[in-house]
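Down below is the structure, laid out as structure tokens.
The values are calculated or read from the model by the stated rules, or taken from the named source; none is laboratory data. Just so it is clear, the model here is predicted, and its values are computed rather than measured. Cβ: placed from backbone, ideal geometry, glycine included. Neighbour counts: every protein chain shown.
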Amino acid sequence: MRNTITSSILLLLLAASLTVDASQEDQLMRFIQSKAKKRHTVVRATSANGPEGTDPWADPGSFSHLPTKCPTPPAGTKAADKITALPGQPSGVNFGQYSGYVTVSHKHFRELFYYFVEAPYEAASKPLVLWLNGGPGCSSLGYGAMTELGPFRVNPDGKTLNRNKHAWNNLANVIFLESPAGVGFSYAKNDTNNNNNVGDRRTAEDTFVFLLNWLERFPEYKGRDFYIAGESYGGHYVPQLATVIKFMNELHGTTFINLRGIFVSIVD
């Protein structure tokens, strides 16, 4: 029941966000800047116990090493990711479904798995939403897509699906991302870099790279109004990814991703 209420509230928030004008972007930037300033203050306040430093989240230049385009030619295709039908899905499904892997590090073999559902009506005019479950370590496919805001619910028999009338793709095109690498179907090669250099920063950077590459696979979504949503530990993932996107857009003077808003549900 709580998950249903939470999903319904967030669906209402999404519906409301579609009517907000461009001032929302300014509000988002002020939010990111206030958080960065707060973190910077905390770092300086605790410097008496160690070397004084600055918080890299507050410095746009700290993300300058990130790529601005995916490898050419990009790996994977939209056609190859097309889902004809999920096992046990009901008849009459009238929206596109896709899933597959997107490489976020060729050097260290990190692959992120996604499940994407388009809106059943007027998908070309509806925004794009990225959903991130928290945890850390919670599957966005197993939980977000199949028990919370996705288009289907698993029936008690564990083999068939039924439609979720409160699904978010009624109002938007939704990507459910398994993140970071190692969560759900996402994976990384078992090497020192992948095992010892995990954390929120790499998660945010990998997700940014995922989006760049995914948009090459689905170019019709380039420039589309984009929102980031999540729950629980997503309270870290969502604003951190927003920070990377905003800073990268500013650093290069272009709109890689048309970020318009973020929203988070805190679940105890």
Odd one out for Ser91, checked against (1) at pLDDT below 95; (2) over 23 Å from His166 (Cβ atoms): (2)
Conditions: (1) without any contact (Cβ under 8 Å) to a residue 12 or more places away in the chain; (2) touching a Lys or Arg at 6+ places or on another chain (Cβ under 6 Å). Gly158 meets all but one. Number of the miss? (2)
Selection from the stretch 141-181 of residues at pLDDT below 95 and hydroxyl-bearing (Ser, Thr, Tyr) yields Tyr143, Thr147, Ser179
Pairs needed: first member in the stretch 202-219, among the acidic types (Asp, Glu); second member anywhere, not in a loop (DSSP other than H, G, I, E, B); C-beta distance under 8 Å; at least 6 residues apart or different chains. Glu205/Phe63; Glu205/Val244; Asp206/Val104; Asp206/Ser105; Asp206/Arg110; Asp206/Leu112
Can you name the residue in the stretch 198-256 that is of a type in the set (Ser, Thr, Tyr) and closer than 24 Å to Ala188 by Cα and, of all such residues, is surrounded by the most Cβ atoms within 10 Å (Cβ to Cβ)? Tyr237
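Residue-by-condition table, conditions (1) surrounded by fewer than 17 Cβ atoms within 10 Å (Cβ to Cβ); (2) touching an Asp or Glu at 6+ places or on another chain (Cβ under 8 Å):
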| position | (1), (2) |
| --- | --- |
| Ala85 | yes, no |
| Phe95 | yes, yes |
| Phe113 | no, yes |
| Ala124 | yes, yes |
Does the stretch 120-136 contain at least one residue that is of a type outside the set (Lys, Arg), modelled with pLDDT under 95, at negative phi and touching a strand residue (DSSP E or B) at 6+ places or on another chain (Cβ under 6 Å)? yes
Answer residue from the stretch 48-80, given it is modelled with pLDDT under 70 and surrounded by 12 or more Cβ atoms within 10 Å (Cβ to Cβ) and is nearest to Phe116 (Cα to Cα) among those: Pro74
Scan the stretch 111-131 and tell me whether some residue there is under 23 Å from Leu259 (Cβ atoms) and touching a Pro at 6+ places or on another chain (Cβ under 6 Å). yes
Going residue by residue through the stretch 224-235, is there one that turns out to be at pLDDT 95 or above and over 14 Å from the mean Cα position of the chain (by Cα)? yes
List every residue pair whose Cβ atoms lie under 6 Å apart, where the two residues are 6 or more positions apart in sequence or sit on different chains, the first residue falls within the stretch 103-129 and is farther than 26 Å from Asp206 by Cβ, and the second residue, located anywhere, is assigned to a helix (DSSP H, G or I). Ala119/Asn169
Could you please find all residues in the stretch 229-253 being free of Cβ contacts under 8 Å to residues at least 40 places away in the same chain and more than 24 Å from Glu178 (Cβ to Cβ)? Asn249, Gly253
